[in-house]
Amino acid sequence: MNVDLLKRLSEARGIPGQEDHVRAIVREELAGMGEMRTDAMGNLIVHKKGTGGPGARRIMIAAHMDEIGFVVKFIDDKGFLRLHALGGFDMRQLASQRVHVQTRDGVLPGVLMLTSKPKHMMAPGEDAKASTLDDFFVDVGLSGEQAKEQVAIGDMVTMDRTFRTMGDLMTGKAMDDRCAVFVMIEALKALGEHACDVYAVATVQEEIGLRGAAASGWSVQPDVAVALDVTLANDIPGLPEALHVTKLGLGTAIKVLDGSLICHPKVVAHFRRVAETKGIPHQMELLTAGGTDAGAIQKLHGGIPAFTLSIPCRYIHTVNETVHKTDVQASIDLLARWIENAHEGDYAYD
Ligand SMILES: [Zn+2]
């Protein structure tokens, strides 16, 4: 497995609307695969031609490049920054994180802190509780004058967290959804002969409402769409098995539904069949809340058969998003084998 590529994708900085660093990596990795274009929103669309023939159709694969993060919304006279969130971090996870502030001239290191008395000054039983992002600020170590000169309103702020492997697991920030971008790139590289035309789309602005998928899904107008995203693996101490959703290490996850879509049952069945025939480890997934790019694409052009293939991930929307090598490889394998077989799929109801 090309762990170095996944590390580069995870550590790249890219919030909704500012995905440039990630797009540059994807463009470089998929160069030569086919015709490539970036649309007006920033979606990168790569068209890999199929051999054609019976059953050949247009298939769209979508993986989002953006990560949850922040933009600077205010700089005070002492040089402290206040933030606006793009995407949903769990507030409990934010205190005392290191961050990167991407300015016009380069990256500033900073620390994300909670407006609070230090522990030493608290009464027994008193505790600092963060309720909103306005309880936090960023210290970049600059005076008010320096900060206002170097930082601009709207500058991107992302978590400063390096990728690492631990045992069979790989952990870092933004595995949602860079891990899926990685799966899309590696599946395209691993593809054998395929009849269908493949449109691989690295989408933008998923975390704030599946916006890039709606735009690119409209222009591609596929006959079937597959989104790639991480899903919850709640197989951790203290959570009952009924709430696990998926478990790390059991394979790629075939989604039945999430908060944004009911996966097309015939596409679900086809993915299952391919996984079973090819002996690819897999598990079924039902996610009661949260959405994926497929949710936006399915509603276009009078309806498009849509499905999401998921990668189980622990600690989603924290800086320690963690996946298992077996599941990542199984996702690559299943996506590639399905694309090779997609011309045999029959997704019509009548
Ligand atoms: Zn995601």
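The values are calculated or read from the model by the stated rules, or taken from the named source; none is laboratory data. Computed from a prediction, not measured in an experiment: that's the story for all the values here. Counting neighbours? That spans all protein chains shown, and the Cβs are built from the backbone with ideal geometry, glycine included.
Tell me which residues, restricted to region 298-350, are hydroxyl-bearing (S, T, Y) and either not in a strand (DSSP E or B) or not assigned by TED's automatic domain parsing to the domain that holds A12 (or both). Y315, T318, T326, S331, Y347, Y349, listed by residue number. Cβ-Cβ contacts under 9 Å between residues 6 or more apart (or on different chains), taken from a first residue in region 213-224 that is in the same structural domain as A294 (by TED's automatic domain parsing) and of a type in the set (V, I, T) to a second residue that is in a helix (DSSP H, G or I) and crowded, with 22+ Cβ neighbours inside 10 Å, are listed as V220/I297; V224/V267; V224/A342.
Taking the stated definitions as given, is A56 crowded, with 20+ Cβ neighbours inside 10 Å, of a type in the set (A, V, I, L, M, F, W, C) and over 23 Å from D134 (Cα atoms)?
Values: crowded, with 20+ Cβ neighbours inside 10 Å: no; of a type in the set (A, V, I, L, M, F, W, C): yes; over 23 Å from D134 (Cα atoms): yes.
Judged against the criteria, A56 is not a match.
Among the residues of region 296-324, those identified as more than 17 Å from the chain's Cα centre (by Cα) and not aliphatic (A, V, I, L, M) are Q298, K299, H301, G302, G303, P305.
Do we find that V140 is touching a His at 6+ places or on another chain (Cβ under 8 Å) and either of a type in the set (A, V, I, L, M) or surrounded by fewer than 17 Cβ atoms within 10 Å (Cβ to Cβ) (or both) in this structure? For V140, the condition - touching a His at 6+ places or on another chain (Cβ under 8 Å) and either of a type in the set (A, V, I, L, M) or surrounded by fewer than 17 Cβ atoms within 10 Å (Cβ to Cβ) (or both) - is not met. Checking every residue in region 238-250 against the condition of being touching a residue at least 60 places away in the same chain (Cβ under 8 Å), assigned to a loop (DSSP other than H, G, I, E, B), in contact with an Asp or Glu (Cβ under 6 Å, 6 or more places away or on another chain) and farther than 29 Å from V204 by Cβ gives at least one match.
Scanning region 251-262 for residues that are buried (at least 20 other Cβ atoms within 10 Å of the Cβ) and in a loop (DSSP other than H, G, I, E, B) yields G251, D258, S260, L261.
This table checks each residue for (1) closer than 20 Å to H64 by Cα; (2) under 13 Å from the mean Cα position of the chain (by Cα).
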site	(1), (2)
G154	no, no
M159	yes, no
D168	no, no
D177	yes, yes
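Is there a residue being in the same structural domain as T326 (by TED's automatic domain parsing), touching a helix residue (DSSP H, G or I) at 6+ places or on another chain (Cβ under 7 Å), farther than 19 Å from G345 by Cβ and not in a helix (DSSP H, G or I) anywhere in region 283-297? No: region 283-297 contains no residue that is in the same structural domain as T326 (by TED's automatic domain parsing), touching a helix residue (DSSP H, G or I) at 6+ places or on another chain (Cβ under 7 Å), farther than 19 Å from G345 by Cβ and not in a helix (DSSP H, G or I). Pairs meeting the criteria (first residue in region 256-276 and over 17 Å from A294 (Cα atoms), second residue surrounded by fewer than 22 Cβ atoms within 10 Å (Cβ to Cβ) and charged (D, E, K, R), beta carbons under 6 Å, at least 6 apart or on different chains) are V274/R337.
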